[in-house]
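Here the structure is laid out as structure tokens; the discussion comes afterwards.
The values are calculated or read from the model by the stated rules, or taken from the named source; none is laboratory data. This structure is a prediction, so every number in the text was calculated from the model and none was measured. Note: ideal-geometry Cβ built from the backbone for every residue, glycine included; neighbour counts use all protein chains shown.
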Amino acid sequence: MAIMPWKTLSSTHGYILTWLVGYSALLGAVMGILVDYCHIRRRVIDVPALYREQDSRYYYWRG
């Protein structure tokens, strides 16, 4: 389906069951983690620190 996306979009059934269900399963999990981290636990994600190497607060070096 990745090579020929028009095959997925050719029917409503293929579009809903293939694309939307797969996309919502991925996006639902990501949004659930972000909502828990940002709103429920009141944490702030330091985005520049995600891309720094060794001096970041997210750096883990113990294996």
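Restricting attention to the stretch 23-45, the residues that are more than 17 Å from the chain's Cα centre (by Cα) and in a loop (DSSP other than H, G, I, E, B) add up to 4.
Among the conditions (1) at pLDDT below 85; (2) loosely packed, with under 10 Cβ neighbours inside 10 Å; (3) part of a helix (DSSP H, G or I), Leu17 misses just one, which is (2).
Does Arg62 count as exposed (fewer than 11 other Cβ atoms within 10 Å of the Cβ), basic (Lys, Arg) and at pLDDT below 85? In short, yes.
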